[in-house]
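Undergrad: Here it is, the structure in full.
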Amino acid sequence: MATRHAVPGRISKPAPQENVRVVRTTDSPNCTGACGWLATVVNDVIVDLKPAADYPCEDYNPRGCLRGMSMTHIIYGPDRIRTPLIRQGERGEGKWKEATWDVALDYIAQKMRYIIDQYGPESMLLFNQVVGTSYVQKGAQIRMAALLGMSFATAYDYNGDISMGFTQTLGIDSVECESKSWGYAKYAILWSSNVLQTRIPDAQFLTRFAKQRNNCKIVAIDPRCNQTVKAADLWLPIQPGTDGALALRAYGQQNATAPTPAGLFADASCAGCHGANAMGGLGPPLAETRLSLQEFRRIVREGRGMMPATPASEMPDTEVEQVYGFVRHTKLDLSQVPISYKVGQWLSTARVTLLFSLVALVWLVLTVRVILYWLDCAGWKQLKPYLRRFGYGRAAAVFLRSLVVDGLLVSHLWQRDRFRWVMHALLLYGFLALGLADILMDIFNPTRGTLPITHPLKLLPNIAGLLVLAGAAYVRYRYSEDPYIDNGLTLSRDYTFLTLLTWTIVTGFLLEGLGYAGAYVWVQPVYLLHLALVAALFLTAPFTRFQHAFLVPILMAITRVTSAVAYSGVERGFMYEPSPGRHHKSERIAADVLQKVAPELAAQFRLRYFP
């Protein structure tokens, strides 16, 4: 560490153990940090420093920076003044004499008494540092000056990098909140405050807490380009001496009744796609837009792509014109265009539609593949010859009736276990209601404009989403309690599907909440996550136990058709079976056994079934 090199004459051999001790101390409080350190002291010399990290509030642990660690360079530096010095000779001669503290203090007291007697106490002026460095020490100096009747000045009077007019205007030194409270800020103005260089231990409350957790917008007002300016969202490089004019203008703007055009844009849904400062987000930058006012207003009112329409009740035409003026006259800064815009270029409405068309096609292929496999296992090919005699129309009627009664209404489960029927209905009818809500939204609100939460087009998907969440929770509970739930094939895939389903519904509700809260900056990334979850949900469904949602109704309908054929009497062989309808299934089993045992001879045999 740097502290090791600051120790002159450091020996290579370790010191005896009894000469080593660890001392809890602090560094110089000039930055008002006074960070705690554990100093390793060998023979009364500091050889190592480590952050103490013992503050009661964990958010402050650990504290410290390289500037504080380097204080040992001053402690053991060759230029350190270790005793009071009294000047000998004339000013500028560089002649000094070392003195003890008692001698030096007596000398000062004599000179002060002489000045008071000769010129009066007000002729002596006390310059004082900011009290934040040590309230006790600086308070003692101020008290002394007051008791003696001296004139008094603070660092604010002559130190140009501090708020020089604060004390004179308000009568007190600069005051601030606890640095931890910075982390709750949503809008921070750093006025000539280079926090990232002068308050290093506390800077995390702006960069890590406020910025990352609250999406705090940081504005830096400083004529200099420093590290804090580089981390800010907005830099106002004002001319020196114009702080007052800017403050008065900001005060007037703050008390104005109408919001600023920039504020209108940041609060509008436009900011979700195009960035809070119009420099782009997942959508293109709007700064220096070439759209006419009429084109801009039409897009706002009708929507475009993934951007919903904004009615006049939410943003009147006067505000649209102000927002248009803001984006039209905002200078485009290519350095502020985020990388997310490059990603967003590939996520146009047409491309997203194409992507989900491909997802739907893959899902359809996988689903049809599963259905065909099980139809083959059920002996559908062997049943078809008997359907000709039974009648295809009659078979279709039986099939469709079974899809409704057994598949949609799940009547067999209702008759056997009504509680499980209700739990099953949560997922089944919740899914169907979500699909219906999406269709109705496309018909009655194609621009996806904002609707009140009590609107039927909002109530339907919200209730459906809650039903699906409740159903998924019950399935998870059943999986954890039923010892026979593991079929040895799909359990891990089933849990994956349930997790995807839960997060799909949660992100859907989150999207709605962000829209109502006006947090449009987060809408687009959450929406993309939602789309990705929906796609993953569809692609994984055919590989899980949940394929029974569409498979079981079809197989039950085939069973109903088989029974109808058996009891119709069109094929006598069916009637002589112990279980009517086994005729064609037995043929399917025999053909499969022959194919597995002697595939080279399978083509030479014609199977006939006799009960």
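The values are calculated or read from the model by the stated rules, or taken from the named source; none is laboratory data. Keep in mind it's a predicted model, so treat the numbers as computed, not measured. Glycine also receives a Cβ, built like all others from the backbone with ideal geometry; neighbour counts cover every protein chain displayed.
Undergrad: If a residue has to be under 34 Å from the mean Cα position of the chain (by Cα), surrounded by 17 or more Cβ atoms within 10 Å (Cβ to Cβ) and of a type in the set (A, V, I, L, M, F, W, C) to count, how many in region 538-568 make the cut?
TA: The total comes to 3.
Undergrad: So Ala535 passes all but one of these: (1) closer than 30 Å to Lys186 by Cα; (2) crowded, with 16+ Cβ neighbours inside 10 Å; (3) among the hydrophobic types (A, V, I, L, M, F, W, C); (4) in contact with a helix residue (DSSP H, G or I) (Cβ under 6 Å, 6 or more places away or on another chain). Which condition number does it fail?
TA: (1)
Undergrad: Quick check on Glu319: is it farther than 23 Å from Leu234 by Cβ, in a helix (DSSP H, G or I) and modelled with pLDDT of 80 or more?
TA: No.
A quick yes/no check of all residues on (1) surrounded by 15 or more Cβ atoms within 10 Å (Cβ to Cβ); (2) at pLDDT below 80; (3) outside the structural domain of Ala188 (by TED's automatic domain parsing):
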| position | (1), (2), (3) |
| --- | --- |
| Thr242 | no, no, no |
| Ala245 | no, no, no |
| Gly283 | yes, yes, yes |
| Arg290 | no, no, yes |
| Gly305 | no, yes, yes |
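Undergrad: Being of a type in the set (A, V, I, L, M) and within 27 Å of Leu264 (Cβ to Cβ) is the filter; apply it to region 485-520 and report the residue that is surrounded by the fewest Cβ atoms within 10 Å (Cβ to Cβ).
TA: Looking at residues that are of a type in the set (A, V, I, L, M) and within 27 Å of Leu264 (Cβ to Cβ), I get Ala517.
Undergrad: If you go through region 28-63, how many residues are polar (S, T, N, Q) and in contact with a Phe, Trp or Tyr (Cβ under 8 Å, 6 or more places away or on another chain)?
TA: 1
Undergrad: Within region 515-571, can you find the residues that are over 27 Å from Ile505 (Cβ atoms), charged (D, E, K, R) and not in a loop (DSSP other than H, G, I, E, B)?
TA: Within region 515-571, just Arg560 meets the criteria.
Undergrad: Moving to a separate point now. Looking at region 558-601 only, could you name the residues that are modelled with pLDDT of 70 or more and over 16 Å from Gln382 (Cα atoms)?
TA: Listed by number, the residues that qualify are Tyr567, Ser568, Gly569, Lys596, Val597, Ala598, Pro599, Glu600, Leu601.
Undergrad: Write out, first by first residue and then by second, each pair whose Cβ atoms fall under 8 Å of each other, whose residues are 6+ apart or on separate chains, and whose first residue, in region 19-42, is not assigned by TED's automatic domain parsing to the domain that holds Thr198 while the second is in a helix (DSSP H, G or I) and among the basic types (Lys, Arg).
TA: Cys31/Arg67
Undergrad: Same structure again: Which residue pairs have Cβ atoms under 8 Å apart, sit 6 or more places apart or on different chains, and have a first residue in region 87-106 that is without any contact (Cβ under 8 Å) to a residue 12 or more places away in the chain and a second that is of a type in the set (Gly, Ala, Ser) and part of a loop (DSSP other than H, G, I, E, B)?
TA: From region 87-106, the pairs are Lys95/Gly89.
Undergrad: Let me ask you something else. Within the set of pairs 6+ apart or on separate chains, which have a first residue in region 579-596 that is over 15 Å from Trp374 (Cβ atoms) and among the acidic types (Asp, Glu), a second that is modelled with pLDDT of 65 or more and assigned to a loop (DSSP other than H, G, I, E, B), and C-beta atoms under 7 Å apart?
TA: Glu587/Gly379; Glu587/Leu607
Undergrad: Return a yes/no flag: does region 150-170 have any residue that is modelled with pLDDT of 85 or more, exposed (fewer than 15 other Cβ atoms within 10 Å of the Cβ) and more than 27 Å from Thr242 (Cα to Cα).
TA: Yes - at least one qualifying residue is present in region 150-170.
Undergrad: All but one of (1) modelled with pLDDT of 90 or more; (2) touching a Phe, Trp or Tyr at 6+ places or on another chain (Cβ under 6 Å); (3) over 17 Å from Asn277 (Cβ atoms) hold for Asp222; state the number of the condition that does not hold.
TA: (2)
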